[in-house]
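Peer 1: Can you keep this structure in mind? I'll have questions shortly.
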Amino acid sequence: MATSTTAELLIHLDPDAGDTLQVQIYAGVRTAILSGRVKPGARLPSSRALAADLGVSRTTSLLAIEQLMAEGYVTARPGSGIFVAPDLPDDMSRPLPIRPVHRKHPPLSCRASMLAELKPRAWRLPGGPRPFRAGTPAVDLLPVGLWSRLSARRLVAASASHFDYSDWPPLREAIAAYLQRARATRCDADQVVIVAGAQGGLDLVARLLLDPGDSAWIEEPGHTGTRAALIGAGARLVPVPVDGDGLVVEAGVRTAHDARLACITPSHQFPLGVVMSLTRRLTLLKWASSAGAWIVEDDYDSAFRYGARPVPSLHGLDDDGRVIYLASFSKTLFPSLRLGFLVVPPDLRDRFVAARRALDFQPPTLNQAVLADFIGEGHYERHLRRMRSVYHERLEAMVEAARRYCGGALCVRPVLTGLHAVADLDGVDAECVSREAMARGVEAMPLSLYFDRAQAPDALLLGFGPVRVEDAPDGMRRLAAAIESARLTASGSRLRSRPRTRSHR
C-alpha cells in the first residue's frame, strides 16, 4: 500500500498562530482523515518524515501522532508503520457532499414574507456600537464592577430556585415601586409581568389580544419592532400619522374606528421624538373605552430628559383599565440583559403569565435577582441620574460637531428626551447618504425606514448615546464626507441623464 505524503495531508503550520505546532499537526492530519483526502487503511508518513517535511522536531510530530492514536484516528502496526484506522471514532462528523436541490419547497406564510421585508437590520454594521447608532446606550459607562459584585453575591447565596423555572417576586416589587415614584403609574407588584425585553412583551401582547385579521393602529412613522410583533400575530396594520402633538387620534378613528389595539410611544415618540399632548392622551383613552380597544404604551426611553419636565405616563391617566404599560432595561442599562416588563390589568395578569410560560417560560431567574438588588438598593436611580448628565453632554457634542463640520447640509432638530436626534438634510437623498456613511464606518439610519405609506422627508436618525464627547467630531467629519459624496453622486446622475443638444453653426 502506498504511503500518503505530507503534501497530500495539506498541513500548513503558522508559528504565530495561537495553537502550538503539535496541535496544528494533529488538527491537520485529523482534517485530512475526516475530509476523505486520506482514506481508511491508508499509510501515513512516519513521525520522522513528518518532522523533516514540516521543519519541526521529531518530538513535536511524535506527540501529535500519539494524540491521534489515543483518540482512535490512527493505529500503529509494528514493523509496518502508522495507518488510518478503518473505523473512525467520529465517522458521522464527515461532511456530506452538497447536492443541488431541484424540488420546490412550499412557500412561506404571508406573515413570514412581510417580516422578511422589514429593513432596518440591513442598515446596521457588524460589531460594537458605531457613531451614530440609534437605540444603543453608553455601554462604555456601565457600572460593571458593581454589577459583578451583585452577581457574585447572588451566586454565592444561590438556592435551587435561582436555577429553576420560577418568577422572582422581589423584582416585580422593585419595578412597581419605581414606576409609582418615577412614572406616576397606579399599579402593584401583582400587575407586573417580567418578559424577555420589550420585543418579547410586544409579541406576548399581540398574541393574547389580537386574532388574525384584527385591526391595530401603529404610529406613522413608527418602530419596526412593533410592526414585526403585530405582523407575527396576523394583525391588519393601520398606519396613523403623527404630528407635533403625537398620534392624530381623529385620523385613526376615521380609518379604523373599530381597531382592537393601538400601539404608541407617547412620552417620546419613536422616531420623531415628539411628546403626546394631554388633549390627545385623553382623546385616545376616550376612544379606547368606547371602542372596547386596548392601548400599548411603549415607554422605551423616557427616563432621559434634558431640561424638560417629566411627563406622567398614559397608564397613570387610565381609569378604565385599557392601557398596558411596556418598558425594558435595554436603554437604561444594556441591551443584552434582555429583561423587560408589562403592567397589565389585575384580571389579565394570570392569563398573561400562563401564556408567557407556554411560549418561553421567563427570563433567567438569576438575572432577575441581580436586577432586583440593583433597583432595590438605589443603584438604578443613581445610574439614571448620572447618565442623564452624560447623555446631555454627548448630545451637545454631537450638535456642535454637526454645526461645525456639516454646516447647513445637516440640521439637527431639538431634543428634549431620549438617546437619538432627527437631523434634516438639505437637498440630498437620505438613503444615499446612509449608504455612503456605512462605507465610512458610520451608522445614520434614513428616517424613511420607519415610514410605511406616507412620504418621508430626507432626514437621518442619529444616536448620540454610544458616542463619547471626544469621538463626536471624527464621526461627524465622516458623516459630512458621506453627505458630500452623495451630493456629488446625485449631481453626476443628473448630468448623465440630461438630454444632449446639437450645436448649430
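The values are calculated or read from the model by the stated rules, or taken from the named source; none is laboratory data. Here the structure is a predicted model, which means the values were calculated and not measured. Cβ placement follows ideal geometry from the backbone for every residue including glycine, while neighbour counts extend to all protein chains displayed.
Peer 1: Please go through segment 401-438 and pick out each residue that is closer than 30 Å to PHE329 by Cα, in contact with a strand residue (DSSP E or B) (Cβ under 7 Å, 6 or more places away or on another chain) and either in contact (Cβ under 8 Å) with a residue 40 or more places away in the chain or outside the structural domain of ALA486 (by TED's automatic domain parsing) (or both).
Peer 2: Within segment 401-438, ALA402, VAL412, ARG413, VAL415, LEU416, THR417, LEU419, HIS420, ALA421, VAL422, SER434 qualify.
Peer 1: Let me ask you something else. Could you list, in sequence order, the residues of segment 312-341 that are under 22 Å from LEU247 (Cβ atoms), aliphatic (A, V, I, L, M) and crowded, with 21+ Cβ neighbours inside 10 Å?
Peer 2: LEU314, VAL323, ILE324, LEU326, ALA327
Peer 1: Would a scan of segment 378-385 turn up a residue that is part of a loop (DSSP other than H, G, I, E, B), free of Cβ contacts under 8 Å to residues at least 60 places away in the same chain and under 24 Å from the mean Cα position of the chain (by Cα)?
Peer 2: No, segment 378-385 contains no residue that is part of a loop (DSSP other than H, G, I, E, B), free of Cβ contacts under 8 Å to residues at least 60 places away in the same chain and under 24 Å from the mean Cα position of the chain (by Cα).
Peer 1: Looking only at segment 34-58, which residues are part of a helix (DSSP H, G or I) and within 23 Å of LEU88 (Cβ to Cβ)?
Peer 2: Once the filter is applied, which keeps residues that are part of a helix (DSSP H, G or I) and within 23 Å of LEU88 (Cβ to Cβ), segment 34-58 yields LEU34, SER47, ALA49, LEU50.
Peer 1: Also, I was wondering about something else. Given (1) in a helix (DSSP H, G or I); (2) in contact with a His (Cβ under 8 Å, 6 or more places away or on another chain), where does TYR300 come up short, assuming only one miss?
Peer 2: The single condition TYR300 does not satisfy is (1).
Peer 1: Just to be sure before I move on: is ARG388 over 30 Å from GLN191 (Cα atoms), of a type in the set (Lys, Arg) and not assigned by TED's automatic domain parsing to the domain that holds TYR165 in the structure I sent?
Peer 2: So ARG388 does not fit the description; no.
Peer 1: Quick check on GLY232: is it among the small types (Gly, Ala, Ser), in contact with an Asp or Glu (Cβ under 7 Å, 6 or more places away or on another chain) and at pLDDT 90 or above?
Peer 2: Yes, satisfied.
Peer 1: Got a number for residues in segment 400-428 being of a type in the set (Asp, Glu) and part of a loop (DSSP other than H, G, I, E, B)?
Peer 2: Residues in segment 400-428 being of a type in the set (Asp, Glu) and part of a loop (DSSP other than H, G, I, E, B): 1 in total.
Peer 1: Another question about this same structure. Return the only residue of LEU146, LEU171 being at pLDDT 90 or above and either in contact with a Gly (Cβ under 9 Å, 6 or more places away or on another chain) or β-branched (Val, Ile, Thr) (or both).
Peer 2: That would be LEU171, the only listed residue that is at pLDDT 90 or above and either in contact with a Gly (Cβ under 9 Å, 6 or more places away or on another chain) or β-branched (Val, Ile, Thr) (or both).
Peer 1: Scan ILE11, ILE65 and give me the residue that is part of a loop (DSSP other than H, G, I, E, B) and in contact with a helix residue (DSSP H, G or I) (Cβ under 6 Å, 6 or more places away or on another chain).
Peer 2: Sole residue among the options that is part of a loop (DSSP other than H, G, I, E, B) and in contact with a helix residue (DSSP H, G or I) (Cβ under 6 Å, 6 or more places away or on another chain): ILE11.
Peer 1: Evaluate segment 200-214: report whether one residue or more is under 30 Å from ALA454 (Cβ atoms), surrounded by 15 or more Cβ atoms within 10 Å (Cβ to Cβ), small (Gly, Ala, Ser) and touching a Pro at 6+ places or on another chain (Cβ under 9 Å).
Peer 2: Yes, because at least one residue in segment 200-214 is under 30 Å from ALA454 (Cβ atoms), surrounded by 15 or more Cβ atoms within 10 Å (Cβ to Cβ), small (Gly, Ala, Ser) and touching a Pro at 6+ places or on another chain (Cβ under 9 Å).
Peer 1: Next up: Residues being within 47 Å of the chain's Cα centre (by Cα) and in a loop (DSSP other than H, G, I, E, B): count how many of those fall in segment 70-84.
Peer 2: The qualifying residues number 3.
Peer 1: Can you list residue pairs whose Cβ atoms sit under 6 Å apart, with the first residue in segment 234-262 being under 16 Å from VAL275 (Cα atoms) and the second being small (Gly, Ala, Ser) and surrounded by fewer than 18 Cβ atoms within 10 Å (Cβ to Cβ)? Count only pairs 6 or more apart in sequence or on different chains.
Peer 2: If the second residue must be small (Gly, Ala, Ser) and surrounded by fewer than 18 Cβ atoms within 10 Å (Cβ to Cβ), the pairs left are VAL240/ALA251; PRO241/ALA251; ASP245/SER277.
Peer 1: Then there is this: So in segment 58-87, with the set limited to residues that are surrounded by fewer than 12 Cβ atoms within 10 Å (Cβ to Cβ) and hydroxyl-bearing (Ser, Thr, Tyr), which one is nearest to ILE11 (Cα to Cα)?
Peer 2: That would be THR59.
Peer 1: Among the residues of segment 36-53 satisfying the criterion of being without any contact (Cβ under 8 Å) to a residue 40 or more places away in the chain and either out of contact with any strand residue (DSSP E or B) (no Cβ under 8 Å at 6 or more places or on another chain) or among the hydrophobic types (A, V, I, L, M, F, W, C) (or both), which is nearest to GLN24 (Cα to Cα)?
Peer 2: Across segment 36-53, the extreme among qualifying residues is ALA51.
Peer 1: Pairs needed: first member in segment 443-461, farther than 21 Å from MET476 by Cβ; second member anywhere, part of a strand (DSSP E or B) and charged (D, E, K, R); C-beta distance under 6 Å; at least 6 residues apart or different chains.
Peer 2: From residues that are farther than 21 Å from MET476 by Cβ, the pairs are ASP452/GLU220; ALA454/GLU220.
Peer 1: Can you name the number of the only condition in (1) buried (at least 16 other Cβ atoms within 10 Å of the Cβ); (2) in a loop (DSSP other than H, G, I, E, B); (3) of a type outside the set (Phe, Trp, Tyr) that LEU462 fails?
Peer 2: All conditions pass for LEU462, except number (2).
Peer 1: Okay, next question. Before we move on, is LEU247 closer than 29 Å to ARG386 by Cα and at pLDDT 95 or above?
Peer 2: Judged against the criteria, LEU247 is not a match.
Peer 1: If you go through segment 355-373 one residue at a time, do you hit one that is assigned to a loop (DSSP other than H, G, I, E, B), modelled with pLDDT of 90 or more and either surrounded by 23 or more Cβ atoms within 10 Å (Cβ to Cβ) or not hydroxyl-bearing (Ser, Thr, Tyr) (or both)?
Peer 2: No, the conditions are met nowhere in segment 355-373.
Peer 1: A further question on this structure: Give the residue that is surrounded by the most Cβ atoms within 10 Å (Cβ to Cβ), with candidates limited to residues of segment 240-276 that are in a loop (DSSP other than H, G, I, E, B) and more than 30 Å from the chain's Cα centre (by Cα).
Peer 2: HIS257
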